[in-house]
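Report on the structure given below.
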Amino acid sequence: MSNERYNVKETEAKWQQAWDEADCFAAAPPGDKPKYYVLEMFPYPSGRIHMGHVRNYTMGDVVARYKMARGFNVLHPMGWDAFGLPAENAAMERKIHPRDWTYENIATMRGQLKALGLSIDWSREIATCHPGYYAHQQTLFLDFLEAGLAYKKESLVNWDPVDQTVLANEQVIDGRGWRSGAVVEKRTLSQWFFKITAFADDLLERLETMERWPERVRLMQRNWIGRSSGAFITFELEGRDEKLEVYTTRPDTIFGMTFGALSPNHPLTASLAETDSELADFVALCNSEATNEEAIETAEKRGYDTGIRVRHPFIADKSVPLYVANFVLMDYGTGAIFGCPGHDQRDMDFARKYGLEVFPVVLPAEIDPAGYELGDEAYLGEGRIVNSGFLDELTVEDAKAKVIERFEADGIGRGAIQYRLRDWGVSRQRYWGCPIPVIHCEDCGIVPVPKADLPVLLPDDVSFDKPGNPLDHHPTWKQVDCPRCGKPARRDSDTMDTFVDSSWYFARFCSPRAERPVERADVDYWLPVDQYIGGIEHAILHLLYSRFYTRAMRRGDHLDLDEPFAGLFTQGMVCHETYRDEKGAWLYPEQVRKDAGGATTLEGGRPVTIGRSESMSKSKRNVIDPEAIIATYGADTARLFMLSDSPPDRDLEWTDAGVEGAYRFVNRVWRLVGDAAARCPSAQSFDSGLPSAFGESAMDLRRKAHKAIAAVTEDIDSFHFNRAVARLYELANAISAFEADGEGDLWALRETAETLLRLAAPMIPHVAEELWQSLGRDGLLVTQPWPEADSTLTIEESVTVAVQVNGKLRTTLSLPLDVEEAVAEQTALAHPAVQRVLEGRAPRRVIVVRNRIVNVVV
RNA sequence: GCGGGUGUGGCGGAACUGGUAGACGCGCCAGACUCAAAAUCUGGUUCCCGCAAGGGAGUGGGGGUUCAAGUCCCUCCACCCGCACCA
């Protein structure tokens, strides 16, 4: 057998070029074939691809190539999520224009992706920063505006006073701006919102039907939408004209109310604070509190007694104090609550701290309410209502219904559904994003840019010298005449959140050069995406926003679709060990030499601490550059390793040994099939007909091949790529163990070698293509149909049956398939191993499961 | 706190609706080839006892159902992830 290795670089480049020239991966127009749209989440052009991309795109590529072989018209496009903050940071740090930085990165990364040999239809490539894309996004924005799905409102934002910009919550770290370090202020700004809440119910309900989405993601979305059912109640305030509206999910506990509480940001709080400096101080204190997880966990409940009394709606003469409390959130419900300490732990903590009244109104049936005292634990369980007038003795559920009925009759409240989901704020005070196509006119107010005037292009001549939004301090860009009255007006200088860009790109891929956002015929044909693949980190925002966009675009008649992604697969991350030197500084893997005892630095031999394996990240330096791997081992090896070692939805541990293993297999296939090619009949004589009879070992090999076809097919269909790879290894082992003797055997060898190539082609397409050619085959393997398993060959003539005595394995028997149960029983009982254990005892019972097991019970 | 997931050899992981636990790979051991090494090939490799034949134990711990449990039920433990003062 040859020891030669195949020339990875030349071979891979050759076949990539061949596929390109034959235009193999261009999606065809609608025709006879069924369609299949496979999409991986498009990358942000950060500079270079990373292993996470390699894993993601390899999985998508396996699916795309497999579906192509199965006869589908496949759409497998690629694009760039190209707007975003890093481009502006690069502009500030390196004096390079965001556009140039972005397009340079795209060029680099496109080259890297092409080197992976992905079956991408590059003619459909899009970049969201290109006017050919964002122009249409502006059209959609105007449609949303017209449909009432986009609106402007004042909202509280995180304002960085140094950088003069709004920060997302994730960009505020311990109350300070992530870049400037300045203490972040809360500011009220006028911002654009998308009315995602208009679809809250549908977004929630549809989740139930999305069976090809991971349960985990559906659950996260369900929680995020956060539907709750309860009631709004309006309370009277003693001696004041205004009323207080609260939201509660426990209207049944209304008789247990012992205080009321306002959010520090409630309008009533604000008006009271105008004349109460102590309250103003309290509010300021609350707003300065950290809102991160640990802080909330440990934060003490604090309140300020306003002196106002809230009237109980059903108990004449009863009133309770009204507090401003730090734990009441302005952005849920009405920003005010009624406190029932008996049945809400937060209310309990608060009541105990401020010495407020505490008593139960729900108790388990076995407890006598007379004189019963609650401790410091609120009772949250089921039971019957007590101490509650007309609600007494009802169940919690019945009491809710009855009290809501009463509220509605009295005109002081109503049953209501509430959502945690907020409308999506999309304004960003940034340059590198899609300009919001509206004009502000002093006389006419907000005026949409006429569609004929689109796109509103980003100006190129911007300066990043000053902090703040370059669009805002551009000398002329904002100045425009009002399209309605013609008077001088100004453009909205905000740009859209980059999540907007990624919320409809999957639809644009269907007709990437259309003069409208989408062509109806194309989206009708291609959508929904049949298989979407990406990281779990987008489980909520991106996927929810895309679902919103589908609904909003449907209103504008751009498409007619319930859900954008029929199938979703969330792949695991790529992990690597971490290394630190004696000072605790992170080290790159290539700086480390590992040996038996541990590890040292390559230069200087200093001791290295090996840390646990974590998701590859630049900050921990535990990264492997895909380009280096491809240069050394080739794309096939990188792809195979991505698929072979772990189930696709779990994290994958990158190891040098694992890569070496994949490399070995690629070379092994090359030698194995190359060898077979040298010995086997020519393609022409092979195709003229198989021999009528094969020897036993040849039949055995053929059976293995057809079982492999059935197994690999099933494994790819069910996203078990690691199992599919194991099947390929088994088949390769069978080929290499096969000793061909005579012409019939050579035919079987050739047939099996071709099968191996076809099955392996979606995973290691370059070497498969090379070997296909070496077998004397014309045309490209990529255009070949998927092999069919011959059912007469996947069935064994004999089966191995386990023989147990009292459930313990004693021996195995080789029996003819589907042999009579009595025969199996007799054969098992006669076996010496069984006889020995029985020691002459007669079996009490014998259980025979056909083709599987004989269990003798004594 | 609420919700979800995972736990199988030295390691990554297989195991269909309960039916031979450990496929396949990595690592390791031995052998072939070689002056030697690498590469490659062959064989072995869950643990314990045994030269062997064979026997015993074993899927995070404990208990249960069953002829039979990694798989079903109860209970406990560990780790991971998501959400979180949502009234």
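The values are calculated or read from the model by the stated rules, or taken from the named source; none is laboratory data. Note that the structure is predicted; figures quoted are calculated from it, not measured. Cβ placement follows ideal geometry from the backbone for every residue including glycine, while neighbour counts extend to all protein chains displayed. Protein only, heavy atoms only, side chains kept; ligands, DNA and RNA dropped before computing areas. Shrake-Rupley method; radii C 1.70, N 1.55, O 1.52, S 1.80 Å.
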Exercise for the section: For segment A:250-388, state the semi-axes of the equivalent ellipsoid (square roots of 5 times the eigenvalues of the alpha-carbon gyration tensor), sorted largest first and rounded to whole angstrom. Expected result: 28, 18, 12
Completion exercise
Heavy-atom accessible area per residue of chain A, all protein chains kept, 1.4 Å probe, expressed in Å², is 46 Å²
Problem - Relative contact order (percent, whole number), segment A:736-815, Cα cutoff 8 Å, 6+ residue spacing - result: 17 percent
Completion exercise
If unit charges are put on Cβ atoms (+1 for Lys and Arg, -1 for Asp and Glu) and the dipole of chain A is taken about its Cα centre, the option from A:ILE446, A:PRO470, A:PRO816 lying farthest towards the positive end turns out to be A:PRO816
Completion exercise
Residue-ordered couplings for segment A:141-154, obtained by feeding phi - 60° into the Karplus form 6.51 cos²θ - 1.76 cosθ + 1.60 and rounding to whole Hz (Gly and Pro as x), are 4, 5, 4, 4, 4, 5, 7, x, 9, 10, 8, 10, 8, 6
Fill in the blank from the handout: Of the accessible area of segment A:654-786, computed with a 1.4 Å probe and all protein chains kept, carbon and sulfur make up a percent value of 48 percent
Exercise for the section: Determine the relative contact order of chain A: mean sequence separation of Cα pairs under 8 Å and six or more apart, normalised by residue count, in whole percent. Expected result: 13 percent
Completion exercise
Heads up, segment A:737-858 by the C-alpha gyration tensor (a ≥ b ≥ c square roots of eigenvalues; a/c under 1.5 rounded, else a/b over b/c prolate, else oblate) looks prolate
Practice task
Answer with one residue from A:MET210, A:GLY742, A:TYR419: the one whose Cα lies farthest towards the positive end of the charge dipole of chain A, charges on Cβ with Lys, Arg +1 and Asp, Glu -1.
Solution key: A:GLY742
Handout entry: Acute angle (nearest 10 degrees) that the helix A:277-288 long axis makes with the longest principal axis of chain A, alpha-carbon atoms
Key = 10 degrees
Completion exercise
Beyond 26 Å, the calculated P(r) of segment A:664-814 holds a percent of Cα-Cα pairs equal to 28 percent
Exercise for the section: Could you give the spread of the C-alpha atoms of segment A:354-406 along their three principal axes, from largest to smallest, in whole angstroms? Expected result: 33, 27, 18
Fill in the blank from the handout: Note on segment A:43-98: C-alpha Rg/Rh, Kirkwood Rh, two decimals, gives 1.19
Fill in the blank from the handout: segment A:626-685 and segment A:795-858 have their Cα centres apart by a whole-number Å value of 42 Å
Practice task
Would you please calculate the Kirkwood hydrodynamic radius of segment A:582-725 over all C-alpha pairs and express it in Å, rounded to one decimal?
Solution key: 19.2 Å
Practice task
May I ask for the net charge around A:ASP651, where only other residues with Cβ less than 14 Å from the Cβ of A:ASP651 are counted and Lys, Arg are +1 while Asp, Glu are -1?
Solution key: -3
Exercise for the section: For segment A:449-493, go through all pairs of different Cα atoms, get the mean of 1/r, take its inverse, and jot down that Kirkwood value in Å. Expected result: 11.7 Å
Fill in the blank from the handout: Given backbone amide H placed at 1.01 Å from N, residues whose amide H is under 5 Å from that of A:THR306, ignoring those fewer than 5 places away on the same chain, are A:LEU322, A:TYR323, A:VAL324
Exercise for the section: Report the dimensions of segment A:322-410 along its three principal axes from the alpha-carbon atoms, largest first, rounded to Å. Expected result: 36, 34, 19
Handout entry: Binned Cα-Cα distance frequencies in segment A:340-488 - 5 Å width, integer %
Key = 2, 7, 11, 10, 10, 8, 5, 3, 3, 6, 9, 10, 9, 5, 2, 0
Exercise for the section: Keeping all protein chains in position, work out how much accessible area A:MET257 exposes to a 1.4 Å probe, and write it in Å² to the nearest 10. Expected result: 0 Å²
Problem - Violating pairs (Cα-Cα greater than 26 angstrom) within the set A:LYS152/A:LYS301; A:LYS152/A:LYS186; A:LYS186/A:LYS400; A:LYS195/A:LYS466 - result: A:LYS152/A:LYS301; A:LYS186/A:LYS400; A:LYS195/A:LYS466
Exercise for the section: Just flag the GluC sites (Glu not before Pro) in segment A:602-708 sitting in loop per DSSP whose Cβ has no more than 10 other Cβ atoms within 10 Å. Expected result: A:GLU603
Handout entry: Positive-end residue, chain A charge dipole about Cα centroid, Cβ charges, pick of A:TYR525, A:ALA830, A:VAL673
Key = A:VAL673
Problem - Largest-first principal axis extents of the Cα set of chain A (Å) - result: 107, 85, 65
